[in-house]
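What follows is a single structure, written as structure tokens, with notes after it.
The values are calculated or read from the model by the stated rules, or taken from the named source; none is laboratory data. Since we're looking at a predicted model, the values are computed, not measured. Cβ coordinates were reconstructed from backbone atoms using ideal geometry, including for glycine residues, and neighbour counts include every protein chain displayed. Just so you know, the surface numbers come from the protein's heavy atoms only, side chains and all, with ligands and any DNA or RNA stripped out. Shrake-Rupley method; radii C 1.70, N 1.55, O 1.52, S 1.80 Å.
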Amino acid sequence: MASRQCHVHWINRQGKVDAMIGWWIVVAAQTPAERDQTIDSKPALLANWEVGPGGIDWLHRLVKAGKATQLAFSGYPNRFTAQAGDVLPMFADGPPAHRGPAIIGDDYVMPANWQGNVIFDHDKIGAYPPNQVLTIDAWDLS
């Protein structure tokens, strides 16, 4: 992926100003340990997409409600776990809606609330029981 320069400033959870273009979110029907040990993770992959800076707010709401746990905060990735019954119904119409700013880079413009490269396997999403542990990785695209 080519390096991108960004002119969006975002206040992170620690109150520091970050410049970022968004997130690549990957949802897998695996525990974090299984995800880290798996060579071919495609069979467990349920969904992945790119989204603007506000695109992980839904995960923070799940954490605040006690329905998800955030395990890593670095952005490479931010890692969350949650049960399928708390997450998968949110995917009925694709990625959760979000509010984010337009992003203007040196050679690109991303509109407000942008989403891209959306891949959802609805057959797999519908096949997992509500108590299935999911690992959700949010990779910083900056």
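Side notes on the structure shown:
- The residues of the range 102-117 that are open to solvent by 70 Å² or more (accessible area, probe 1.4 Å) and either small (Gly, Ala, Ser) or under 17 Å from the mean Cα position of the chain (by Cα) (or both), listed by number, are Asn113, Gln115, Asn117.
- Residue match in the range 26-35 (condition: among the hydroxyl-bearing types (Ser, Thr, Tyr), touching a Leu at 6+ places or on another chain (Cβ under 7 Å) and at negative phi): no
- Candidate set from the range 86-96 (those that are assigned to a helix (DSSP H, G or I) and open to solvent by 40 Å² or more (accessible area, probe 1.4 Å)); member that is nearest to Leu62 (Cα to Cα): Asp86
- A Cβ distance below 6 Å, combined with a sequence gap of six or more or placement on separate chains, defines the contacts here; from the range 35-60, residues that are in contact (Cβ under 8 Å) with a residue 60 or more places away in the chain reach no residue that is crowded, with 22+ Cβ neighbours inside 10 Å and of a type in the set (Lys, Arg).
- Restricted to the range 3-40, and to residues there that are of a type in the set (Gly, Ala, Ser) and under 14 Å from Asp140 (Cα atoms), the residue that is modelled with the highest pLDDT is Gly22.
- Scanning the range 17-34 for residues that are within 17 Å of Pro101 (Cα to Cα) and either among the aromatic types (Phe, Trp, Tyr) or in contact (Cβ under 8 Å) with a residue 60 or more places away in the chain (or both) returns Asp18, Ala19, Met20, Ile21, Gly22, Trp23, Trp24.
- Among the conditions (1) in contact with a helix residue (DSSP H, G or I) (Cβ under 9 Å, 6 or more places away or on another chain); (2) charged (D, E, K, R); (3) surrounded by 12 or more Cβ atoms within 10 Å (Cβ to Cβ), the only one that Asp140 does not satisfy is (1).
- When residues in the range 41-76 are screened for being modelled with pLDDT of 95 or more, assigned to a loop (DSSP other than H, G, I, E, B) and either under 15 Å from Leu134 (Cβ atoms) or open to solvent by less than 10 Å² (accessible area, probe 1.4 Å) (or both), 1 of them pass.
- Residues considered: Arg99, Arg79. Of these, the only one that is within 19 Å of Gln30 (Cβ to Cβ) and either in contact (Cβ under 8 Å) with a residue 40 or more places away in the chain or exposed (fewer than 13 other Cβ atoms within 10 Å of the Cβ) (or both) is Arg79.
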